[in-house]
1. Checking the conditions here, which among LEU153, LEU132 is touching a Gly at 6+ places or on another chain (Cβ under 9 Å) and either in contact (Cβ under 8 Å) with a residue 12 or more places away in the chain or surrounded by fewer than 17 Cβ atoms within 10 Å (Cβ to Cβ) (or both)?
2. From the set of residues in segment 1-12 that are aliphatic (A, V, I, L, M) and more than 21 Å from ASN103 (Cα to Cα), which is surrounded by the fewest Cβ atoms within 10 Å (Cβ to Cβ)?
3. Looking only at segment 121-161, count every residue that is of a type in the set (Lys, Arg), closer than 19 Å to ASP44 by Cβ and over 18 Å from the mean Cα position of the chain (by Cα) and tell me the total.
4. Taking segment 47-75, which residues are open to solvent by 30 Å² or more (accessible area, probe 1.4 Å), hydrophobic (A, V, I, L, M, F, W, C) and modelled with pLDDT under 95?
5. Considering only segment 51-65, state which residues are without any contact (Cβ under 8 Å) to a residue 60 or more places away in the chain, touching a helix residue (DSSP H, G or I) at 6+ places or on another chain (Cβ under 8 Å) and either among the small types (Gly, Ala, Ser) or outside any helix (DSSP H, G or I) (or both).
6. Quick one: in segment 13-46, of everything that is buried (at least 18 other Cβ atoms within 10 Å of the Cβ) and assigned to a loop (DSSP other than H, G, I, E, B), which residue is nearest to the chain's Cα centre (by Cα)?
7. For segment 189-216, which residues satisfy the criterion of being over 17 Å from the mean Cα position of the chain (by Cα) and at pLDDT below 90?
8. So, in segment 66-103, how many residues would count as being basic (Lys, Arg) and without any contact (Cβ under 8 Å) to a residue 24 or more places away in the chain?
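The values are calculated or read from the model by the stated rules, or taken from the named source; none is laboratory data. On a predicted model such as this, the values are computed, not experimentally measured, just so you know. With ideal geometry, Cβ positions are generated from the backbone for all residues, glycine too; neighbour counts draw on all protein chains shown. Surface areas here come from the heavy atoms of the whole protein model, side chains and all, with no ligands, DNA or RNA. Shrake-Rupley method; radii C 1.70, N 1.55, O 1.52, S 1.80 Å.
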Amino acid sequence: MIENLKKYGIHIQNEELLKMALTHSSFSNEHHSKNYERLEFLGDAVLELVISEYLFLNTPYKEGDMSKIRASYVCEEALDAYAKDIDLENYILVGHGQEKDINKTIVADVFESVLAVIYLECGLEVVKKFILDLIVPYIEKHIQFKYDYKSLLQEMVQTDKKSLEYVVTNEKGPAHKKTFTVEVQIDGMIYGRGIGGSKKEAEQRAAKDAYLKSSK
């Protein structure tokens, strides 16, 4: 059990599900177990919904401005900060060789995965309160994080009703130290490229490349 969840009134009964949320692929590959990747997908959607609703109900901003604010508070740097508020990094399971490299990407991914577990176990209202209790103080204090360029690019593309796809074009290195190259394609055309130590990091850099080019 993650001790700091208790002060938010959260008690997770399904310990196997919680363990999965804390398990990095390097650990699951060694122990032939499941990792957090599917849960991360769900947690990301829950987080975006809660913050979107908060901004809609509590700010007067236009759509584009709300998108930029949301992007700042759901980016990797922000999620890493929220995770550290509950000492989440102390519970992450990684494989040999990864112990000294639990980076922001992994911590942010696990935070989203834990949100998914809270949602599945406790329901939307509980996870919503937890998210707002953690994040609203940052918003009210106007603490700024880097933009989530994937969200900004998605918003831009939706306006023009274009298709958006991230394609891994290269993957190299051992399991605990991989490097990914990603292209972002809009309507089948390459708009940006990015390289990172995870697919998520490479996608962010590709999205930033494409967004900055398209914003000129």
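1. LEU153
2. Step by step, filter segment 1-12, then rank; the result is MET1.
3. The initial filter retains those residues of segment 121-161 that are of a type in the set (Lys, Arg), namely 128-129, 141, 146, 150, 161.
So of that shortlist, the ones also closer than 19 Å to ASP44 by Cβ come out as 128-129, 146, 150.
Of the ones still in play, those that are also over 18 Å from the mean Cα position of the chain (by Cα) are 129.
Total meeting the criteria: 1.
4. Of everything in segment 47-75, those that are open to solvent by 30 Å² or more (accessible area, probe 1.4 Å), hydrophobic (A, V, I, L, M, F, W, C) and modelled with pLDDT under 95 turn out to be MET66, ILE69.
5. Hits for segment 51-65 are SER52, THR59, TYR61.
6. TYR36
7. TYR211, LEU212, LYS213, SER214, SER215, LYS216
8. Adding up the residues that qualify gives 2.
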